[in-house]
Ligand SMILES: CC(C)(COP(=O)(O)OP(=O)(O)OC[C@H]1O[C@@H](n2cnc3c(N)ncnc32)[C@H](O)[C@@H]1OP(=O)(O)O)[C@@H](O)C(=O)NCCC(=O)NCCS
């Protein structure tokens with residue numbers, strides 16, 4: 001079944017304590033252009049978006065998502081991504097989309113999917129060093145799952161965790177021409193602090209952004 005975003009979700013509080021599972025709800029509409037055996041045109045489905053810790057078995061999927069999110073020269077090789085995921089002081093959060101409680105009218109005997117059987121739609125890798133500086137290494141959301149709040153939830157939970165790890169501020173780099181990412185980080189109160197010329201392998205400059213975790217409030 002193919003799902004298409006219908007409405008912006010985020011109608012539930014998310015607990016930002018380290019090590020917790022997090023869930024929030026969204027609403028999708030079945031893609032009418034590809035009706036499958038379970039498709040009911042105009043049916044609105046409730047979906048559950050969950051955040052969980054990275055598992056080793058996720059790696060290939062995360063790398064493929066990264067390949068979809070970034071152009072060659074910016075996307076990570078498998079070796080690079082693996083190095084960041086395994087870096088001492090780093091953590092990786094994974095966002096899953098699972099249809100919840102959906103029972104087809106044609107096949108009512110089919111049990112609803114369990115929340116953890118869903119599809120990975122995004123992930124975030126972050127790192128902290130001993131001097132109290134957090135670093136968002138990457139935030140990746142599948143194109144078809146964007147503007148749902150997935151990136152925001154990953155970022156909020158990561159910032160909460162970095163704060164709990166005694167980080168005072170968090171930095172990240174993004175390509176100068178990545179307008180969606182710049183709008184996203186501006187929404188989350190990141191400020192451009194400098195340019196990093198030729199930062200990426202393809203020669204593109206990066207902007208370095210920073211957020212003071214002690215003085216800023218959370219944007220939704
Ligand atoms: C940047 C990215 C992570 C945002 O993820 P997302 O799940 O779509 O973001 P959210 O739904 O939480 O967006 C929150 C807010 O950010 C801003 N925003 C996000 N995408 C935007 C876009 N394409 N254009 C303008 N503003 C945008 C909006 O203010 C948005 O709120 P709204 O939808 O209520 O208007 C996603 O676009 C992505 O994965 N891009 C490719 C990889 C990348 O560039 N990562 C960041 C650099 S490391």
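Every number in this text was worked out from the coordinates using simple rules, so none of it is lab data. For clarity, every value in this text was computed on a predicted model and none was experimentally measured.
Overview of values
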{"read-out": "Span from the region 118-195 Cα centroid across to the region 46-100 one, whole angstrom", "value": "13"}
{"read-out": "Global geometry of region 137-216, whether rounded, prolate or oblate, following the gyration tensor of its Cα atoms and the 1.5 cut on a/c", "value": "oblate"}
{"read-out": "For region 140-184: rounded, prolate or oblate by the Cα gyration tensor [a/c cutoff 1.5]", "value": "oblate"}
